[in-house]
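The structure under discussion appears below in the form of structure tokens.
The values are calculated or read from the model by the stated rules, or taken from the named source; none is laboratory data. Everything quoted here is computed from the prediction, not taken from an experiment. Heads up, the Cβs are rebuilt from the backbone with ideal geometry, glycines too, and the neighbour counts pull from every protein chain shown. The accessibility values were calculated without ligands, DNA or RNA, using every heavy atom of the protein model including side chains. Shrake-Rupley method; radii C 1.70, N 1.55, O 1.52, S 1.80 Å.
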Number of protein chains: 6
Amino acid sequence: MKTAVIRKEHFNAAHRLHNKAWPEEKNQEVFGKCNNPHYHGHNYELFVKLVGEPDAQTGYIYDMKKLSDVIKSSVISRFDHKNLNLDVEEFKNLNPTAENIARVIWEILREKIEKEFDLKITLYETERNIVEYPAES
Amino acid sequence: MKTAVIRKEHFNAAHRLHNKAWPEEKNQEVFGKCNNPHYHGHNYELFVKLVGEPDAQTGYIYDMKKLSDVIKSSVISRFDHKNLNLDVEEFKNLNPTAENIARVIWEILREKIEKEFDLKITLYETERNIVEYPAES
Amino acid sequence: MKTAVIRKEHFNAAHRLHNKAWPEEKNQEVFGKCNNPHYHGHNYELFVKLVGEPDAQTGYIYDMKKLSDVIKSSVISRFDHKNLNLDVEEFKNLNPTAENIARVIWEILREKIEKEFDLKITLYETERNIVEYPAES
Amino acid sequence: MKTAVIRKEHFNAAHRLHNKAWPEEKNQEVFGKCNNPHYHGHNYELFVKLVGEPDAQTGYIYDMKKLSDVIKSSVISRFDHKNLNLDVEEFKNLNPTAENIARVIWEILREKIEKEFDLKITLYETERNIVEYPAES
Amino acid sequence: MKTAVIRKEHFNAAHRLHNKAWPEEKNQEVFGKCNNPHYHGHNYELFVKLVGEPDAQTGYIYDMKKLSDVIKSSVISRFDHKNLNLDVEEFKNLNPTAENIARVIWEILREKIEKEFDLKITLYETERNIVEYPAES
Amino acid sequence: MKTAVIRKEHFNAAHRLHNKAWPEEKNQEVFGKCNNPHYHGHNYELFVKLVGEPDAQTGYIYDMKKLSDVIKSSVISRFDHKNLNLDVEEFKNLNPTAENIARVIWEILREKIEKEFDLKITLYETERNIVEYPAES
């Protein structure tokens with residue numbers, strides 16, 4: 001049986017939900033107040049989960065200090081105190097919904113975390129809106 | 001790989017754990033202080049999880065505003081500030097344990113949420129007593 | 001300068017907001033869904049704060065184990081898993097609003113806690129509705 | 001002795017810390033990443049506290065449903081999913097630090113809440129950065 | 001479909017991460033400040049999850065009071081207010097990482113919980129470092 | 001009216017409650033399981049509150065980044081992942097109760113924070129045991 005470790009990090013960002021291919025009215029109708037052209041923002045709580053076998057010498061799945069450093073250098077440094085639509089390359093042409101942010105973070109970290117570990121992202125956009133990628137079950 | 005969205009809602013209710021087919025002593029023995037004939041109550045925290053594929057146009061699995069509205073109109077409006085045993089049809093002959101409440105909510109929402117989405121309920125009766133239906137794994 | 005210690009305990013209870021001197025319509029108008037004749041309920045989170053001088057021998061304001069025992073024997077044992085309106089003497093003729101519950105708990109504990117300690121109650125009826133007695137400032 | 005009631009509400013917003021009278025380098029030096037010209041954002045948790053005497057008929061200091069409605073109509077409707085710098089009149093020429101946001105909310109609500117009640121605002125910009133206005137003690 | 005119940009308990013303990021087979025410098029290099037020879041400590045939050053079929057008579061998967069008692073008598077009584085390295089038999093020769101603590105708790109409880117129930121442990125060492133055993137998915 | 005800012009930081013530490021002037025039995029009787037000679041430990045959550053007047057140029061009471069740095073360099077670096085009894089000078093001859101830890105932190109920070117700001121410490125030893133120094137009211 002495998003073991004999972006989960007590290008929690010956070011970032012604050014502005015964003016706007018918008019589909020450039022749609023007229024303004026449709027954007028307004030579908031995204032409502034999330035479509036505010038001046039942006040709004042969130043405190044994002046990010047949980048990164050790795051599944052693997054504990055190392056016999058250390059008793060670790062993964063050094064949590066190292067995991068924190070990887071998340072900070074590859075995700076937090078690029079997303080924190082940023083405007084996701086304007087400042088983060090991946091969202092120049094991708095709507096920064098919580099679903100898409102979680103998947104983009106997964107893709108960034110999948111490059112950094114050794115393939116022997118399964119990787120899963122859980123992202124709290126607010127206390128009431130949460131996304132998981134990939135979904136369990 | 002699929003993505004999950006989770007929406008948190010809440011309701012407050014009174015309930016009593018009781019098996020009508022049992023004598024009072026057995027009810028008291030099995031359910032203890034939860035069997036109080038005058039009822040007690042909880043702040044229930046409800047997490048509704050949908051698993052599916054993000055829509056290419058919106059980047060949404062499911063519009064969280066719409067999900068919140070569905071939960072409110074079909075569950076919260078019927079359970080909030082209610083006595084589950086006396087006021088909610090489904091518990092007239094079903095013991096309102098957290099396990100049964102979670103399953104009943106799942107059955108109500110399963111009728112309202114399109115079949116392409118997997119559905120899972122997590123219900124906090126207190127910070128210390130939690131139920132999931134269906135169980136992951 | 002004085003020091004404060006705060007102990008957190010909890011209880012679950014059913015209640016109904018109701019003024020017996022008013023007709024039903026007025027009760028319904030003023031208390032809304034909190035007036036449900038079949039009751040509803042809450043997980044109450046109770047914070048009890050004592051202010052005093054630390055004991056030179058122990059470094060304690062008050063032994064937190066002893067404070068927990070006092071709260072449990074005089075408040076929790078009488079309120080937990082109860083119907084406040086029907087099962088708790090103090091609310092037979094007093095509306096169990098959060099304001100009144102906090103004051104009643106203060107009056108019970110004031111008898112049990114030595115007078116050299118200032119006493120304050122903070123009661124969470126839900127995460128969003130909170131009461132303090134007596135109010136700071 | 002008086003009693004306090006506290007109501008929690010929330011809003012999400014984008015903002016930028018900036019002093020228009022300063023050159024860019026000074027803004028960058030003082031406000032750091034909070035000075036991002038494209039904005040960043042937060043989930044603000046707002047606690048509004050009223051201190052007064054309970055009404056003898058209701059047992060309420062203030063009807064919490066009414067308090068919630070007052071906060072929503074005068075603050076949340078104007079701040080939620082907004083860019084504080086661009087969309088909210090009060091911050092057109094006032095830096096939207098948490099300190100200033102709390103004071104502005106106090107000034108808005110002070111007009112709406114009867115003078116017999118003391119009023120205090122606590123604002124969480126993040127879990128780690130919190131402001132109170134006016135300060136207790 | 002099965003249902004899960006989850007019970008939350010907690011314990012406070014001191015520990016030190018250390019591999020006796022390694023020289024001091026290597027222990028220091030790998031475990032950093034967690035290798036402090038005088039120990040440090042945590043408030044551990046423990047979630048125990050059982051998956052099974054609800055009993056038709058009670059509506060319970062498992063009596064939560066009984067589950068709490070089993071966890072307290074077999075785990076909390078042995079771990080709480082202890083030094084894991086010195087006071088707990090299982091860690092005399094096993095590094096008390098969160099991964100190993102979770103697995104040891106699983107092994108203890110697996111002996112106590114009937115085999116018809118799947119068992120899973122989630123352990124919060126801090127709000128930011130979390131372990132699951134066995135890992136879901 | 002003044003404004004308060006509050007910064008939350010945390011540290012993990014081992015400790016033992018013990019009065020060297022007392023015989024073992026009395027220590028055991030008074031401090032119970034907190035007297036374990038091998039130590040136990042906690043995740044301490046520390047809130048540091050400064051009360052003052054906002055600066056007209058910045059809108060800040062105090063730069064929260066600077067406040068965090070002051071707390072980290074003078075308190076967290078000396079307390080985190082430490083054994084309070086053995087590793088922290090101030091507790092060599094002072095019982096590390098939460099009350100005493102809060103006062104020691106106040107004394108350390110009072111030297112570092114300009115006198116124009118009132119200073120208050122709130123320390124969570126666990127979710128259920130909390131200390132304030134100096135006490136409000």
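Here are the numbers for the structure shown:
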quantity: Per-residue average of Cβ from other chains inside 10 Å of A:96-109; calculated: 3
quantity: Global geometry of the protein assembly as shown, whether rounded, prolate or oblate, following the gyration tensor of its Cα atoms and the 1.5 cut on a/c; calculated: rounded
quantity: Nitroxide proxy distance, nm - points 7 Å out along Cα→Cβ at A:Glu116 and A:Asp69; calculated: 1.9
quantity: E versus F: buried accessible surface, summed, Å² (probe 1.4 Å, to nearest 100); calculated: 1800
quantity: Environment charge at D:Val104 (Cβ cut-off 12 Å; Lys +1, Arg +1, Asp -1, Glu -1); calculated: -1
quantity: Size of electric dipole in chain D: Cβ of Lys, Arg +1 and of Asp, Glu -1, about Cα centre, debye, nearest 20; calculated: 180
quantity: Around C:Glu90: net Lys/Arg minus Asp/Glu count, Cβ-Cβ under 14 Å; calculated: 0
quantity: Hz values of 3J(HN,Hα) by residue in region A:14-26 - Karplus curve (6.51, -1.76, 1.60), Gly and Pro given as x; calculated: 9, 7, 9, 8, 6, 10, 4, 7, 9, x, 3, 4, 5
quantity: Amide H contacts under 5 Å for E:Asp55, placed H, 5+ residues apart; calculated: E:Tyr60, E:Ile61
quantity: Vicinal HN-Hα couplings computed from phi for region B:104-113 (Karplus, 6.51 cos²θ - 1.76 cosθ + 1.60; Hz; Gly/Pro x); calculated: 4, 4, 4, 5, 5, 6, 4, 6, 9, 9
quantity: Solvent-accessible heavy-atom area per residue, rounded to whole Å², over chain B at 1.4 Å; calculated: 40
quantity: Sites matching trypsin sites (Lys or Arg not before Pro) across region B:98-137 that sit in DSSP coil, with at most 10 neighbouring C-beta atoms within 10 Å; calculated: B:Lys115
quantity: Accessible area of E:Asp87 in the full protein assembly, 1.4 Å probe (Å², nearest 10); calculated: 50
quantity: Calculated FRET efficiency for the pair F:Glu29/A:His10, C-beta based, R₀ 45 Å, to 0.05; calculated: 0.50
quantity: Loop-located trypsin sites (Lys or Arg not before Pro) in region F:18-87, at most 10 other Cβ atoms within 10 Å (DSSP); calculated: F:Lys20
quantity: Accessible area of region E:62-133 belonging to carbon and sulfur atoms, whole % at 1.4 Å probe; calculated: 48
quantity: Electrostatic dipole magnitude of region E:1-46 [Cβ: Lys, Arg +1; Asp, Glu -1; Cα centre; debye, to 20]; calculated: 260
quantity: Length-normalised contact order of region D:62-133 in % [C-alpha pairs under 8 Å, at least 6 apart]; calculated: 26
quantity: Cβ-defined net charge surrounding B:Pro134, 10 Å radius [Lys, Arg +1; Asp, Glu -1]; calculated: 0
quantity: Average other protein chain Cβ within 10 Å of Cβ, residues B:70-80; calculated: 0
quantity: Long-range lysine pairs (8 or more apart or interchain), chain D, Cα under 12 Å; calculated: 7
quantity: Protein-only accessible surface order, largest first, of A:Met64, F:Met1 at 1.4 Å; calculated: F:Met1, A:Met64
quantity: Pairs of alpha carbons in region C:62-133 whose separation is greater than 20 Å (percent); calculated: 30
quantity: Mean-position separation - Cα centroids, region D:36-66 and region D:69-115, in angstrom; calculated: 13
